[in-house]
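Novice: First the structure, which I've put down as structure tokens, then a few questions once you've had a look.
The values are calculated or read from the model by the stated rules, or taken from the named source; none is laboratory data. Since we're looking at a predicted model, the values are computed, not measured. For neighbour counting, all protein chains shown are included, and Cβ atoms are generated from backbone atoms with ideal geometry for every residue, glycine included.
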């Protein structure tokens with residue numbers, strides 16, 4: 001459940017034939033590799049093939065909704081092209097049994113490739129692309145898991161951790177040019193995922209509006225801040241069971257305080273409290289579902305950095321409240 005807050009020439013005879021012969025020998029494999037990829041983030045060339053290991057850093061999506069939860073989508077980052085389509089066809093496939101993820105079996109995870117879903121374990125090879133034209137084609141490989149509609153296990157993934165790994169096999173026809181590359185997907189940010197949840201706030205966003213704010217009334221301490229909002233957040237499950245749950249705050253921390261949720265104003269952040277206890281980003285609080293329902297009161301408090309003159313104007317921020325079993 002996501003909530004939003006607050007208002008990127010001299011050689012002759014003998015040597016010339018030898019030189020030409022070597023040139024021809026090297027040219028054929030080169031054309032067989034008539035394949036190019038770029039990283040959309042900076043527009044630079046990305047070497048997606050070769051007998052090597054490839055580490056790719058991606059942002060993990062924080063959004064969690066009943067159904068499929070997308071963890072990362074390589075189409076957001078990479079696009080590839082056959083540079084000599086009139087002579088070669090480029091192919092790439094996912095090798096059978098090569099996809100692994102840090103999410104265990106309780107998450108019912110898999111890959112969506114070119115719109116087709118494959119659940120783990122993926123025991124057969126899957127065609128990733130077949131490039132016949134000279135157009136750019138996104139790398140349509142999306143990692144997901146199926147979210148259950150009752151509280152279940154949660155997992156915390158820290159920035160720098162290996163989220164997933166897979167092996168791509170690349171070749172060209174008619175010339176060959178065969179390569180196998182081992183890809184590792186690295187988390188660029190912290191993220192918390194749950195394999196199952198109930199509806200939070202009836203499936204709606206939790207909007208927190210601080211209204212008009214007088215700059216001279218902003219404080220560094222939540223205890224003295226006049227800008228606070230208390231909101232009751234209800235939980236509703238599909239059946240009437242009882243569950244011990246925990247709520248985890250999945251959010252980027254502000255640059256000036258690890259305790260506050262980041263906003264678009266670098267000198268403003270929001271602290272979240274539950275029963276008087278501060279909930280820092282990726283901290284959790286315990287709660288209870290009884291007969292399929294529950295609720296908790298949360299206090300959102302606006303705080304500032306130590307900077308004297310805070311920039312004025314609208315600002316916003318967002319975070320995700322994630323339910324999982326204790």
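Novice: Does residue 107 satisfy being buried (at least 18 other Cβ atoms within 10 Å of the Cβ), more than 14 Å from the chain's Cα centre (by Cα) and more than 29 Å from residue 43 (Cβ to Cβ)?
Specialist: Spelling it out, residue 107 is indeed buried (at least 18 other Cβ atoms within 10 Å of the Cβ), more than 14 Å from the chain's Cα centre (by Cα) and more than 29 Å from residue 43 (Cβ to Cβ).
Novice: Also, I was wondering about something else. Determine, yes or no, whether residue 128 is touching a strand residue (DSSP E or B) at 6+ places or on another chain (Cβ under 6 Å) and either assigned to a loop (DSSP other than H, G, I, E, B) or at pLDDT 95 or above (or both).
Specialist: Spelling it out, residue 128 is indeed touching a strand residue (DSSP E or B) at 6+ places or on another chain (Cβ under 6 Å) and either assigned to a loop (DSSP other than H, G, I, E, B) or at pLDDT 95 or above (or both).
Novice: A further question on this structure: Sort out which residues of the range 172-226 are touching a helix residue (DSSP H, G or I) at 6+ places or on another chain (Cβ under 9 Å), surrounded by 13 or more Cβ atoms within 10 Å (Cβ to Cβ) and assigned to a loop (DSSP other than H, G, I, E, B), and write them in order of number.
Specialist: 175, 195, 225
Novice: Checking the condition at pLDDT 95 or above, outside the structural domain of residue 281 (by the TED database) and within 26 Å of residue 196 (Cα to Cα), which residue from 74, 94 passes?
Specialist: Exactly one of 74, 94 is at pLDDT 95 or above, outside the structural domain of residue 281 (by the TED database) and within 26 Å of residue 196 (Cα to Cα), namely 74.
Novice: Another question, then. Does residue 90 qualify as being in a strand (DSSP E or B) and under 17 Å from the mean Cα position of the chain (by Cα)?
Specialist: The answer is no for residue 90.
Novice: Which one of these does residue 265 not meet: (1) buried (at least 16 other Cβ atoms within 10 Å of the Cβ); (2) part of a strand (DSSP E or B)?
Specialist: (2)
Novice: Okay, next question. Being within 20 Å of the chain's Cα centre (by Cα) and farther than 27 Å from residue 149 by Cα is the filter here; which residues of the range 239-263 pass it?
Specialist: 253, 254, 261, 262, 263
Novice: A follow-up question, please. Taking the range 57-72 on its own, how many of its residues are part of a strand (DSSP E or B) and buried (at least 18 other Cβ atoms within 10 Å of the Cβ)?
Specialist: Result for the range 57-72: 4.
Novice: Of all residues in the range 73-102, which are crowded, with 21+ Cβ neighbours inside 10 Å and closer than 26 Å to residue 147 by Cα?
Specialist: Once the filter is applied, which keeps residues that are crowded, with 21+ Cβ neighbours inside 10 Å and closer than 26 Å to residue 147 by Cα, the range 73-102 yields 74, 94, 99.
Novice: Just to be sure, is residue 165 assigned to a loop (DSSP other than H, G, I, E, B) and assigned by the TED database to the domain that holds residue 84?
Specialist: Judged against the criteria, residue 165 is not a match.
Novice: Next question. Tally up the residues in the range 131-166 that are within 19 Å of residue 73 (Cβ to Cβ) and crowded, with 16+ Cβ neighbours inside 10 Å, please.
Specialist: Number satisfying all stated conditions: 16.
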